[in-house]
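J.: One structure follows; several queries about it will come next.
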């Protein structure tokens with residue numbers, strides 16, 4: 001059996017009691033959203049054609065009484081700034097961004113003072129007196145200028161209030177509190193001019209002093225009735241916050257001395273299934289809500305979701321929830337406010353501000369973009385799919401563009417779209433032109449979305465939310481002229497975007513309802529899913545953004561966190577009042593954002609458990625795998641074997657062999673699948689880049705001496721060319737990267753120092769009478785390896801850094817920019833050579849010896865490493881140490897032993913029965 005909702009009960013009463021004079025009836029509701037549901041209820045309550053009564057929200061009704069137009073918080077801030085400038089001496093005037101920091105809080109206090117009909121001069125002078133008392137004991141000579149200004153600020157508050165009040169009334173506009181105060185002042189005139197009109201107030205809970213006065217005035221004249229939605233379980237408990245306001249009104253209103261309090265229901269104590277479910281993090285809650293909805297649909301495929309509501313305790317859950325909803329949900333109705341600062345479109349505009357303000361502030365007056373700012377914009381989801389900039393992103397990453405001039409970015413993307421042009425249009429113009437540029441950009445982005453897709457409709461709503469704010473700014477800027485440069489504009493934008501909300505409006509009578517807590521007022525659902533049931537979120541906690549201290553609020557009758565808690569409590573219990581199935585979801589994590597202990601409302605339900613409530617508690621955790629990570633295993637298919645044969649024909653490099661030893665899966669990705677590392681801008685020079693620069697510099701310096709013996713003069717000449725050559729190689733390898741400052745300048749100096757130290761070592765050797773003949777530099781060698789154990793011949797191929805003839809021996813040298821010690825190239829046993837990665841340098845240098853052996857003639861071969869971080873050790877030759885004797889010459893016996901080990905490694909690589917298996921260590 002479906003409960004009769006509160007609005008259906010109201011509809012029945014209106015048809016019954018006011019059926020003959022509906023045209024003269026006004027129904028006042030707490031919010032606009034309930035109007036559509038009430039009209040639907042009125043349709044169901046009659047089988048005749050009737051004229052609908054006027055249905056209006058309380059705010060619109062009070063505006064009608066006051067005859068003043070409401071202005072939004074952004075417009076109010078600008079109007080207040082105009083007033084502030086008019087009443088403040090020029091030398092004490094603050095910029096808009098400084099003013100906005102305290103003005104937003106002060107306006108909230110003005111609003112509360114007016115809504116509760118307090119005498120503003122009394123309240124505001126009270127604040128000044130409190131500050132005076134705090135500083136009472138200070139001697140005159142201890143009162144600094146800053147302190148005097150602080151005291152002056154509190155003195156000025158009554159003047160700020162009076163001036164703003166007069167300014168707004170002159171324009172017939174106002175904020176909520178001012179309108180409420182004026183409505184009370186205009187009450188007699190309104191009730192006299194209302195004629196036969198009758199007012200029905202329905203579904204209210206907490207009323208401020210102004211609302212109380214208006215309702216009681218109309219009720220006393222017989223022009224109005226009020227219907228509450230009270231539940232006896234909550235109302236009759238003197239300590240229950242859900243009935244706090246209704247108990248006050250029932251006891252204190254004169255009307256109830258002789259009239260019934262309508263209505264009190266007994267629905268909360270009826271049968272309910274309440275499931276309290278804890279799950280980790282925000283995403284966990286969204287996924288859980290999605291799976292609950294999926295279960296509801298699966299259990300009853302014919303069920304309509306019209307009477308199912310998902311109430312979000314915090315708005316940030318909206319986007320994750322939309323992705324977590326099952327496809328079978330169909331129609332959605334989202335009605336909630338979403339703060340501007342969390343809006344994805346606003347995040348794009350914030351990044352745009354950052355990019356342009358940074359570009360404007362570069363030294364030297366040139367308009368230069370920082371690459372991270374540029375990539376943040378180009379890879380944003382609202383830009384990347386539509387701006388056709390993938391080629392530009394690749395160019396920036398491949399060429400290490402750290403700072404890019406405005407002209408350069410246009411040059412790099414010659415076929416730029418209109419969207420790209422708007423993004424990178426210079427902001428050296430006036431603030432209003434910047435805002436018009438952003439407005440045009442948002443309009444262009446909006447055109448990329450269709451109305452067919454629910455996700456795209458929501459994206460469009462986000463874009464429109466920021467578009468409205470930007471256009472308001474354009475409007476205010478033309479009037480107020482206080483945003484004098486881009487940095488000020490940016491600060492103002494950040495201030496007002498916090499005040500801007502995106503309002504979602506769907507088809508209220510069809511499909512799943514997704515709403516915030518306040519949007520659930522007056523509405524009833526059979527199934528309710530409430531998220532973020534954590535203390536500090538639902539209810540919101542004790543934070544108060546106000547200049548008026550708690551004890552002053554208590555004394556003057558202004559609402560404190562106690563009253564705000566009571567409002568939340570009523571909303572929560574009202575959600576449960578007529579629902580049959582309730583799911584309360586909370587975050588189990590006690591650290592991070594949106595975390596904390598579960599809500600006291602859950603504890604209250606548990607402690608004060610009703611007899612007919614079936615209350616269950618669960619914890620949902622993600623399914624954890626048996627092991628934290630399973631190593632990747634790839635079998636050797638025919639295609640893999642074919643690719644291995646290709647590599648065998650084209651050449652296995654020593655680094656490919658050591659790559660397999662280090663991790664077979666890395667070998668598989670790099671050599672079999674040929675997956676390159678993702679190209680990123682190298683803002684700071686990486687070690688491998690530094691190594692390449694040193695290698696290339698030495699090659700360039702020594703190239704003229706290939707085939708010759710090196711003299712002292714040759715080396716001294718290299719010293720002269722050193723700086724220029726290192727710079728040249730930096731530009732070749734590091735492309736457009738910045739090398740004149742910061743860590744890169746240090747790297748540049750390190751490269752020069754390393755090459756210089758190497759040249760000094762060479763010079764020392766020549767002076768000591770060593771004859772050095774350069775045979776080859778950075779040259780590729782190759783040699784076929786054939787063996788009966790191998791399925792096919794394998795070409796061993798690699799690039800050798802330097803081959804020289806020194807004192808009757810061939811010396812093959814591999815440069816390393818990292819640190820290598822003597823023990824890294826000394827081998828004690830051939831067994832297990834290819835099983836451990838610590839032998840990688842030995843495997844590498846002996847591969848060079850194998851490749852060059854045919855070219856060496858009868859000359860003995862030495863292979864080894866020169867480590868630039870260990871230059872004092874000089875050339876570190878490979879040596880095989882049998883017992884106490886170390887042999888540094890690579891004999892044929894050594895090579896044969898080496899090749900036997902390499903063949904074992906290659907057999908493993910080519911064995912179809914051995915898969916590529918990831919090493920986790």
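The values are calculated or read from the model by the stated rules, or taken from the named source; none is laboratory data. Every value quoted in this text rests on a predicted model; they were computed, and no experiment measured them. Cβ sites come from the backbone with ideal geometry, for glycine too, and all protein chains shown count toward neighbours.
J.: Please determine whether any residue of the range 621-642 is in a helix (DSSP H, G or I), touching a residue at least 24 places away in the same chain (Cβ under 8 Å), under 30 Å from residue 782 (Cα atoms) and touching a strand residue (DSSP E or B) at 6+ places or on another chain (Cβ under 6 Å).
T.: So far as the range 621-642 goes, no, none of its residues is in a helix (DSSP H, G or I), touching a residue at least 24 places away in the same chain (Cβ under 8 Å), under 30 Å from residue 782 (Cα atoms) and touching a strand residue (DSSP E or B) at 6+ places or on another chain (Cβ under 6 Å).
J.: Is it true that some residue in the range 766-789 is in a helix (DSSP H, G or I) and over 17 Å from residue 898 (Cβ atoms)?
T.: Yes: the range 766-789 contains one or more residues that are in a helix (DSSP H, G or I) and over 17 Å from residue 898 (Cβ atoms).
J.: If we keep just the residues of the range 50-65 that are outside any helix (DSSP H, G or I) and under 42 Å from the mean Cα position of the chain (by Cα), which is nearest to residue 18 (Cα to Cα)?
T.: 55
J.: When you check residue 426 against the structure, is it outside any helix (DSSP H, G or I) and touching a helix residue (DSSP H, G or I) at 6+ places or on another chain (Cβ under 9 Å), yes or no?
T.: Yes.
J.: Does residue 906 satisfy the criteria of being at pLDDT below 90, within 55 Å of the chain's Cα centre (by Cα) and in the same structural domain as residue 813 (by TED's automatic domain parsing)?
T.: No.
J.: Spot the failing condition for residue 396; the list is (1) under 27 Å from the mean Cα position of the chain (by Cα); (2) within 18 Å of residue 374 (Cα to Cα); (3) without any contact (Cβ under 8 Å) to a residue 60 or more places away in the chain, and only one is missed.
T.: Unmet for residue 396, out of (1) under 27 Å from the mean Cα position of the chain (by Cα); (2) within 18 Å of residue 374 (Cα to Cα); (3) without any contact (Cβ under 8 Å) to a residue 60 or more places away in the chain: (3).
J.: Next question. Output the residues belonging to the range 239-251 that are out of contact with any strand residue (DSSP E or B) (no Cβ under 6 Å at 6 or more places or on another chain) and surrounded by 12 or more Cβ atoms within 10 Å (Cβ to Cβ).
T.: 240, 241, 242, 243, 244, 245, 247, 248, 249, 250
J.: Test of understanding: among 617, 601, which residue is within 35 Å of the chain's Cα centre (by Cα), modelled with pLDDT of 90 or more, surrounded by fewer than 20 Cβ atoms within 10 Å (Cβ to Cβ) and under 25 Å from residue 295 (Cβ atoms)?
T.: From the options 617, 601, the qualifying one is 617.
J.: Now for a separate question. Among the residues of the range 11-34, which ones are crowded, with 18+ Cβ neighbours inside 10 Å, closer than 21 Å to residue 333 by Cβ and modelled with pLDDT of 85 or more?
T.: Matches in the range 11-34: 11, 29, 30, 34.
J.: Checking the condition over 30 Å from residue 540 (Cβ atoms) and under 24 Å from the mean Cα position of the chain (by Cα), which residue from 381, 320 passes?
T.: None of the other options fit; the residue is 381.
J.: With the structure loaded, tell me whether residue 492 is at pLDDT below 85 and either over 23 Å from residue 81 (Cβ atoms) or touching a helix residue (DSSP H, G or I) at 6+ places or on another chain (Cβ under 6 Å) (or both) or whether it fails that test.
T.: In short, yes.
J.: Would you mind stating whether residue 900 is out of contact with any helix residue (DSSP H, G or I) (no Cβ under 7 Å at 6 or more places or on another chain), part of a helix (DSSP H, G or I) and farther than 25 Å from residue 750 by Cβ?
T.: yes
J.: Which number in (1) surrounded by 21 or more Cβ atoms within 10 Å (Cβ to Cβ); (2) over 29 Å from residue 532 (Cα atoms) marks the one condition that residue 345 misses?
T.: Among (1) surrounded by 21 or more Cβ atoms within 10 Å (Cβ to Cβ); (2) over 29 Å from residue 532 (Cα atoms), the lone unmet condition for residue 345 is (2).
J.: Next question, about the same structure. Scan the range 379-393 for residues that are free of Cβ contacts under 8 Å to residues at least 24 places away in the same chain and either over 26 Å from residue 740 (Cβ atoms) or outside any helix (DSSP H, G or I) (or both) and jot them down.
T.: Across the range 379-393, the qualifying residues are 379, 384, 390, 391.
J.: Just checking, which of 252, 271 is farther than 19 Å from residue 211 by Cα and more than 38 Å from the chain's Cα centre (by Cα)?
T.: 271
J.: Only residues that are surrounded by fewer than 21 Cβ atoms within 10 Å (Cβ to Cβ) and within 23 Å of residue 568 (Cα to Cα): list them for the range 214-227, please.
T.: 227, the sole residue that qualifies.
J.: Out of the range 767-787, which residues are closer than 22 Å to residue 695 by Cβ and surrounded by fewer than 17 Cβ atoms within 10 Å (Cβ to Cβ)?
T.: Hits for the range 767-787 are 773, 778, 779, 780, 782.
J.: Would you confirm whether any residue within the range 449-468 is part of a helix (DSSP H, G or I), closer than 22 Å to residue 382 by Cα and modelled with pLDDT under 75?
T.: Yes, the range 449-468 contains at least one residue that is part of a helix (DSSP H, G or I), closer than 22 Å to residue 382 by Cα and modelled with pLDDT under 75.
J.: Considering each residue of the range 72-95, count those that are farther than 20 Å from residue 166 by Cβ and outside any helix (DSSP H, G or I), and give that number.
T.: Here the count works out to 3.
J.: Would you be able to say whether some residue in the range 570-587 is exposed (fewer than 13 other Cβ atoms within 10 Å of the Cβ), out of contact with any helix residue (DSSP H, G or I) (no Cβ under 7 Å at 6 or more places or on another chain) and outside any strand (DSSP E or B)?
T.: no
J.: Based on what the data block shows, is residue 432 assigned to a helix (DSSP H, G or I) and in contact (Cβ under 8 Å) with a residue 60 or more places away in the chain?
T.: no
J.: OK, next. Yes or no: residue 666 part of a helix (DSSP H, G or I), modelled with pLDDT of 90 or more and closer than 30 Å to residue 784 by Cβ?
T.: So residue 666 fits the description; yes.
J.: With respect to residue 792, determine if the residue is farther than 21 Å from residue 691 by Cα and assigned to a loop (DSSP other than H, G, I, E, B).
T.: yes
J.: Looking at the structure I just gave you, is residue 800 on the phi < 0 side of the Ramachandran plot, outside any strand (DSSP E or B) and in contact with a strand residue (DSSP E or B) (Cβ under 8 Å, 6 or more places away or on another chain)?
T.: no
J.: Something else about it: Of 819, 869, 881, which residue is loosely packed, with under 15 Cβ neighbours inside 10 Å, part of a strand (DSSP E or B), in contact with a strand residue (DSSP E or B) (Cβ under 9 Å, 6 or more places away or on another chain) and in the same structural domain as residue 804 (by TED's automatic domain parsing)?
T.: 881
J.: Just checking, how many residues over the range 824-866 are assigned to a helix (DSSP H, G or I), under 54 Å from the mean Cα position of the chain (by Cα), surrounded by fewer than 17 Cβ atoms within 10 Å (Cβ to Cβ) and in contact (Cβ under 8 Å) with a residue 60 or more places away in the chain?
T.: So the answer is 2.
J.: Of everything in the range 524-552 that's free of Cβ contacts under 8 Å to residues at least 24 places away in the same chain and not in a loop (DSSP other than H, G, I, E, B), which residue is surrounded by the most Cβ atoms within 10 Å (Cβ to Cβ)?
T.: Filtering the range 524-552 for residues that are free of Cβ contacts under 8 Å to residues at least 24 places away in the same chain and not in a loop (DSSP other than H, G, I, E, B), the one surrounded by the most Cβ atoms within 10 Å (Cβ to Cβ) comes out as 550.
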